[in-house]
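Report on one structure; see the data block that follows.
The values are calculated or read from the model by the stated rules, or taken from the named source; none is laboratory data. Just so it is clear, the structure is predicted and the values come from calculations on it, not from any experiment. Ideal geometry is used to build each Cβ from the backbone, glycine not excepted, and the neighbour counts take in all protein chains shown.
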Amino acid sequence: MFKIMIVEDDPKIREIVLENITKWGFDGLGVEDFSEVFNTFIKYEPHLILMDINLPSFDGFYWCNKIREVSKVPIIFVSSRNTNMDIIMAVNMGGDDFIQKPFSLEVLMAKMNAILRRTYSYTSVESNIIEHNGAALNLKDSTIIYNEHKLELTKNEFKIIYLLMKNNGGVVSRDKIMRSLWEDESFVDDNTLTVNINRLRKKLADIGLDNFIQTKKGQGYIIL
């Protein structure tokens, strides 16, 4: 089932659109906390976003730009603003279409269905992001984002955090991590992994992820 995220400041429009897309068999989520648009996107992993331009705090262009840093998910701007500059800005920021308010629900659904067909007919709908407690690991560019802070990871750092996040709260043994990092761990000093883990912990703490990687004595590592 396709998931549609609606970032619309007008609660009446938001509810009407939600009701309509549900009738079409989509799963919908209307954002109500507009300071959490990016974090909601990471957790919900929508297949398409309907984005208003005029929003509290930060406008739709800002949130589109933040989302484009980690994803190519289709974004349709829906707004009462209709100057050429607004439309140009929407396209330049990474928008896939622009619908002016007031709009026809039939036209909206037609545009949504067309974009979904183009985007997902020949590609997997699986996400390129792994999320755990608000931290988002981008599998495409080896970065991790937390509270809008972006951290670039080295090859080994990415492999470590990928194994831990993919295991979704389970313990990963030191041997398994070492086998992932080095082809033959028997030639690697056991302390080398500890150095890598400690360096990664420090970098994660710098973006607010304190104690994200925990040691389970005699077992391995786990993320919290």
Check on VAL78, touching a His at 6+ places or on another chain (Cβ under 8 Å) and modelled with pLDDT of 90 or more: no
Positions within segment 124-173 being closer than 27 Å to SER35 by Cβ and aromatic (Phe, Trp, Tyr), in sequence order: TYR146
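Conditions (1) in contact with a helix residue (DSSP H, G or I) (Cβ under 7 Å, 6 or more places away or on another chain); (2) buried (at least 18 other Cβ atoms within 10 Å of the Cβ); (3) at pLDDT 95 or above, marked per residue:
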position	(1), (2), (3)
ILE4	yes, yes, yes
ASP9	no, no, no
GLU19	no, no, no
ILE42	no, yes, no
ASN54	no, no, no
LYS66	yes, no, no
Complete set of residues in segment 1-39 that are touching a residue at least 40 places away in the same chain (Cβ under 8 Å) and closer than 15 Å to ASN54 by Cβ: ILE6, VAL7, GLU8, ASP9, ASP10, ILE13
